[in-house]
Each structure stands twice: as C-alpha cells, then as structure tokens.
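Asker: Mind looking over this structure? Questions follow.
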Amino acid sequence: MGQYACKAVLGALLAVVSGVNSTHAQEVPVRLNDLRAVGTHNSYKQPMPAETMVRLQRDEPAMAQALDYAHRPLVEQLDHGARQLELDVNYDPRGGHYAAGSSAPDLLAPGFKVLHMPGLDNTSSCVRLVQCLQVLRDWSDAHPRHVPILLLFNAKDDQNAKGGGIDALRFDAAAFDALDAEIRSVLPANKLIVPDEVQGDFPTLRQAVLAGQWPTLEQARGRFIFALDEQHPKVALYQGTRRSLEGRVFFVNTDASASAAAYMTINDPIKDGDRIRRAVQQGFLVRTRADADTREARANDTRRRDAALASGAHYISTDYLWPDPRVSVDYVVPLPEGAAATCNPVRRPQGCGATVLEAMP
C-alpha cells in the first residue's frame, strides 16, 4: 500500500474513532445535577403586617429593612419558572400553638405551619404545610415535564416571645418523623426523589453521589427533591442512627466527607465560589443565593447575582424573581437564557444536547 493510501486509511480510522467519541459524548445522559435553575427564598412570605413593620422601622430599622420583601403565590412563581422554593416549617402537633388568640382555622388545625417568625413576620400564602404541598402537587400534575423542583426546608424553632412574637416548639426526633409523614400524606412516592433512590446498592449516599448516581433528567421530571437546610445538630437529629438517610424524605445540608453527603447549602457565591465549583464537580447538589436581606436590590448590586449564575450551583435563590419597584426598578434575577432550566455551566460547559432543559411554561 502506498504512502497516500496508508494516510487515507489512517485518516478514515481516526474519523471513525472521533465519531464514536463524539457520539459517546452526546449520549452521556443528562442527570439531575446537570441542570441550573432559579428559585426563591422564603417563597411563602407575604408582606409583614403594617403595624409590625412600623414598629420595627422605629425600634430595629436594620431588621425592618431585611424583612421588607414578599413573594407572589407559589403557582405564580412556578408559572414564571421558579424551580426551587423554600418553606419554613414550625412544629404544631396539636394545633393552635401559633394562633395567639386567633380563631383562624388554619392556625388551629394540627400540623406544621409555614411561618417565618410566628407572631411577628407571620403572613403566609399557605399557612399549613399540607396546603403548600397540595398546591405544588396539583401544579406538578398539570406540568408533568417540569425539571425536578428543589424544596428547601428550615425547621424553625426560634424563640420570638422576647420580641413580641411566639416561641416556636423545638424539633425533636418525633417532630422530624411527623414532618416526613406529613409530606408523604400529600405527595405520593412517585413524586419524590429520596435518598434511598440515589443510594441504591451503594454502602453510603456519599459513595453513590461520587459515583454519579443521581437520576437522569428524564427519570426526575415531574418530581420533587427535599433538602433540610440546617446545621449539624438538627441534621444529626434527623439522621439519627442511620448510616446515611435510609428511609428518609430529606437530603441534608452537610459537608463533603459525611456518609450522608449529597446536598449542600453554600449561600455566598463570591466568598465561596471555589467551594461551590468543587462540590458541583464532585457531583454534589448545591443551592446558593443571589441576594440577601434586600441589600443587593437596594444598591442594584449585581455582583453576587452574577457570581451565583456562573458558579455552577444548581439552584439559585432570590427575593427578586420580579423587580420590586419600592426598592429598585432594575434589580431582578433573570432565569438563565429566559428558560426554567438550562445546562449547568460547570457540569456541562459544552452543553447537554439542548441548551434549554425546560422552556418557560
């Protein structure tokens, strides 16, 4: 075979190999942790009662400024593309603990209450957790192709009485068991992505995550993933004696070395940008914040927002899915490329077959 014939054969072989590699790259499945989406912080929160805000502005102006935000109803947020929502739950097994003399049926009924600061900043678009979950379930049923929605929970036990509010009941093991049960009473198993599904046959959840065992995006569509955004004492209480999170509903905020490591809250994308990128590259799911306490909006400071969108965090939380003209007509956290979800810039920097993983509803 002549020199040029050899080169032609070699070129053909290289083209085949290159084509195989290209095809293989295209066939790498898009997984839950390959997306990027925007959501809201304290998603249920309505404006603070006017008389309470006036008192706070007089006595604690910094606190008043930090709490001077509110959100539209959950359905409007979802319709606008929010794919991460945050709920603060307060334990109330007998009902009425947060009523403070009110006869409102929602406050008197047993079950978890969704309130920011009971007795103070306590106006909610869905007072009972079961109401919030029913709204989310019904919206999801009507939009079965949505990307997985992260539901971030704070287990509130703030002691607010000294400030004129209501002391929350403490969370214990029974409270966390009741929380799992209340969620399962509204959302069927096929709506939930739980730690057991990700862990599979691996000895720990962390090992499964490092091995890339998050569900594919197709498996995860139309479902919810719950994350407990708390520090170690509550996380340890929720985990109990389990090796990871066997049988539980929630993933938990923990460090990368823990046996239950799968999800992390890393709220400062400027200071902790490298940590976010490292966690995302390892396979952990990350939520960060584009703004906090109304500061960025009031200054129209987009540095934190821009860092969050570029960081690789899967879910980026804001108080400004829409601008608030009372604060700034300009500051808003846009959905990436005008979509409800796109490819993650760190996990899939070259894209993942389609730039938009979910178009706006």
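The values are calculated or read from the model by the stated rules, or taken from the named source; none is laboratory data. Small disclaimer: the values here were computed from a predicted structure and weren't measured. Protein only, heavy atoms only, side chains kept; ligands, DNA and RNA dropped before computing areas. Shrake-Rupley method; radii C 1.70, N 1.55, O 1.52, S 1.80 Å.
Asker: Keeping the other protein chains in place, figure out the carbon and sulfur percent of the accessible area of segment 162-248, with a 1.4 Å probe.
Answerer: Answer for segment 162-248 is 51 percent, counting heavy atoms of protein chains only.
Asker: Continuing with the same structure: Could you give each residue of segment 55-64 its phi-based ³J(HN,Hα) in whole Hz, using Karplus coefficients 6.51, -1.76, 1.60 with θ = phi - 60°, and x for Gly or Pro?
Answerer: Taking θ as phi minus 60°, the curve returns 5, 5, 4, 7, 8, 9, x, 5, 5, 4 Hz for segment 55-64.
Asker: Of Val280, Val38, Val75, which is the most mobile in a GNM of the chain whose springs link Cα atoms less than 10 angstrom apart?
Answerer: Val75
Asker: So what's the angle, to the nearest 10 degrees on a 0 to 90 scale, between helix 273-282 and the longest Cα principal axis of the chain?
Answerer: The helix 273-282 is inclined about 60 degrees to the chain.
Asker: Sticking with this structure for a sec: How far is helix 129-142 tilted, in degrees, relative to the longest principal axis of the Cα atoms in the chain, given as a value from 0 to 90 rounded to the nearest 10?
Answerer: Tilt relative to the chain: about 40 degrees.
Asker: Contour minus end-to-end for Arg303 and Arg326, with contour as 0.36 nm per residue of separation and end-to-end as the Cα-Cα distance?
Answerer: That pair, Arg303 and Arg326, stretches by 6.2 nm at full extension.
Asker: If you count only protein heavy atoms with a 1.4 Å probe, what accessible area per residue comes out for segment 135-241, rounded to a whole Å²? Write out the running numbers ahead of the final one.
Answerer: On the way: 4480 Å² over 107 residues.
Value returned for segment 135-241: 42 Å² of accessible area per residue.
Asker: Picking from Ala62, Ala261, Ala37, which is most flexible by a Gaussian network model of the chain using Cα springs under 10 Å?
Answerer: Judging by the Gaussian network model, the answer is Ala62.
Asker: Report the relative contact order of the chain, percent, no decimals, based on alpha-carbon pairs under 8 angstrom and at least 6 residues apart.
Answerer: 20
Asker: Decide, for segment 242-361, between rounded, prolate and oblate: order the square roots of the alpha carbon gyration tensor eigenvalues as a ≥ b ≥ c, take rounded if a/c falls under 1.5, and otherwise choose prolate if a/b is larger than b/c, else oblate.
Answerer: It is prolate, given that a/c is not under 1.5 and a/b is the larger ratio.
Asker: List the lysines whose Cα lies under 20 Å from the Cα of Lys156, skipping any in the same chain that are fewer than 8 positions away.
Answerer: Within the straight-line cut-off, Lys156 pairs with Lys45, Lys113, Lys234.
Asker: Determine the gain in length on full extension of the stretch Leu108-Lys271; use 0.36 nm per residue of separation and subtract their C-alpha separation, reporting nm with one decimal.
Answerer: Contour length minus Cα-Cα distance gives 54.4 nm.
Asker: Under a 10 Å cutoff between Cα atoms, tell me which one of Ala310, Ala227, Ala82 has the largest fluctuation in the Gaussian network model of the chain.
Answerer: Ala310
Asker: Starting from the coordinates of the alpha-carbon atoms of the chain, obtain the Kirkwood hydrodynamic radius over all distinct pairs and give the value in Å to one decimal. Before the final figure, lay out each step's value.
Answerer: Values: mean 1/r = 0.0461 Å⁻¹.
Kirkwood radius, the chain: 21.7 Å.
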